[in-house]
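Here is the structure we will look at.
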Amino acid sequence: MPRAVRFEKYGGVDVLCVVEVDRPAPGTQQVLVRVKAAGINPGEAAIRGGAMADRWPATFPSGQGSDLAGVIEETGDAVKGFAVGDEIIGFTNNRDSQADLVVVEADHLVYRPAHVSWEAAGALFVAGTTAYAAVRAVSLKAGDTVVVAGAAGGVGSIAVQLAKIAGAKVVGLASAEGHAWLAGHGVIPIVYGAGVAERIRAEAEARVDAFIDTVGGGYVELALQLGVAPGRIDTIIDFAAAAKHGAKTDGNGVAASAEVLKELSGFVETGRLEIPIAKVYPLADVRQAYSDLARGHTHGKIVLVP
C-alpha cells in the first residue's frame, strides 16, 4: 500500500507519522503522481504546531506538503496535455504531497526540464513562488540596491538570484556559513546582528532602494531606518509590522501558479537559478527532517524522497 505523512493532532514533530493509506484515484481533471521528491517548508511546521489554526485550521487526520515532483501514473478522463509516464513539477493545495502517491490538479503541473534534478524540482514551488512574489513586490529595476534578510535560506537563496536576474545590486544578510555561496552568486554578504545598519550603508554606498524580509523580528523597521519607502519593503512573515508601517506582504499566495512555476523551472534549466539543497531525507525520516528545519540556519531546501 502507498504511504503518506499524517498527524492526528497539533504538536511537535512527534505527532508526525508515516502510515499506509488507500491508493488515491484522480478525478476527471486530475492526475495521479508517483512522487519522486517533496520539499518541506516552515509554514507546514507552523500549521502542524497549531500556530496558524485561526488562519489555516487543520482537519484531522491531516497530511502535509505542497511541493512535489514526480511521474504521472494515471490521468483523469478530461485531462489534456499530460500522459502516463510524463515527468512533472507541480503543487497541491490539499496538504498531501509528502507521500508516495498524490492526486494533483492537471493545471497545477508543468513538465520537468531534463536538467532540473528531482530534488530541485520537488523543492521549487513554495520557496520559488514566494521569492518570485517578494522580488516582484518591491519593483526592482536595473541599478537598484536591494537588501535580503535571510539571504541563504530556502526563500532568500532564490530571492537573491531573482533580484540579480532583475539587474539589482544585492546585499544579503546571513550567518557566516552562507557567505561563500552568496559571494559566489554575485551577492554582497553581510553578517546580521548589532551594527548591521552601518554595515549595510557601507556596502550599499548609503542608498538602499528595496528590502525583502524572509526572517521577521524587526527587519521592516530596519528597512525604514535605512530610508526604504514602505511600498518597496516586502516581508513574508512580519504581518504586524507590515500593517503598522504600510509594507507589503506578498508571498506564495500571489504567485502560486503553473505559469510562474514554469518560468522558475526554465531559469533552473538554463543555469540562471540554482535551488540549493541542504539535505535529503527518506520519507520515513520526516520527523528528523522537520527537526533539522526547526534548528534554523539551513542553507537552501530540505527535501523528502519517498
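The values are calculated or read from the model by the stated rules, or taken from the named source; none is laboratory data. The shown structure was predicted, so the numbers you read here are calculated from the model rather than taken from an experiment. Glycine gets a Cβ as well: all are built from the backbone with ideal geometry, and neighbour counts include every protein chain shown. With ligands, DNA and RNA removed, areas are computed over all heavy atoms of the protein, side chains included. Shrake-Rupley method; radii C 1.70, N 1.55, O 1.52, S 1.80 Å.
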Expressed in nm², what is the orientationally averaged projection area of the convex hull enclosing the Cα positions of the stretch 205-306? 8.9 nm²
By accessible area (1.4 Å), largest first, 117, 62 order as 117, 62
Please compute the volume of the convex hull spanned by the alpha-carbon atoms of the stretch 238-287 and report it per residue in Å³. 165 Å³
Computed Rg/Rh for the stretch 218-261 (Cα atoms; Rh = Kirkwood radius) stands at 1.08
Pairs of lysines 8 or more apart, or on different chains, with alpha carbons under 20 Å: count those in the chain, would you? 11
From the phi angles alone, apply the Karplus equation (6.51, -1.76, 1.60; θ = phi - 60°) to the stretch 84-97 and give each ³J(HN,Hα) in whole Hz, x where the residue is Gly or Pro. 4, x, 5, 8, 10, 10, x, 8, 10, 9, 9, 6, 8, 6
Could you tell me which trypsin sites (Lys or Arg not before Pro) in the stretch 24-70 are loop residues by DSSP with no more than 16 other beta carbons within 10 angstrom of their beta carbon? 55
Computed Rg/Rh for the stretch 70-168 (Cα atoms; Rh = Kirkwood radius) stands at 1.06
In nm, to one decimal, how far is the residue 17 label point from the residue 54 one, both placed 7 Å along Cα→Cβ? 3.1 nm
Semi-axes (Å, rounded, descending) of the ellipsoid equivalent to the stretch 12-147 per its C-alpha gyration tensor are 26, 23, 13
Calculated on alpha-carbon atoms, Rg and Dmax of the stretch 1-86 in Å: 15.0, 41
What accessible area per residue, rounded to a whole number of Å², is obtained for the chain using a probe radius of 1.4 Å? 42 Å²
Within the chain, helix-based [θ] at 222 nm, where runs of 4 or more DSSP H residues each add -39,500 (n - 2.57), nearest 500: -8000 deg cm²/dmol
Rounded to the nearest 10 Å², what accessible area does residue 14 have for a 1.4 Å probe in the complete protein model? 100 Å²
Can you give the Rg and Dmax of the stretch 47-99 based on its C-alpha atoms, in angstrom? 14.4, 40
The stretch 135-270: percent of C-alpha pairs farther apart than 23 Å? 27 percent
Extension gain from residue 201 to residue 114, taking 0.36 nm per residue of separation minus the Cα-Cα distance: 27.1 nm
Evaluated over the chain, the Cα radius of gyration and Dmax, each in Å: 19.3, 61
How far is the Cα center of the stretch 167-195 from the Cα center of the stretch 242-306, in Å? 19 Å
With a Förster distance of 35 angstrom and the Cβ-Cβ distance between residue 243 and residue 294, calculated FRET efficiency to the nearest 0.05 equals 0.85
Hey, could you get me the Stokes-Einstein D for the stretch 263-303, Kirkwood radius over alpha-carbon pairs, 25 °C and 0.890 mPa s, rounded to whole µm² s⁻¹? 214 µm²/s
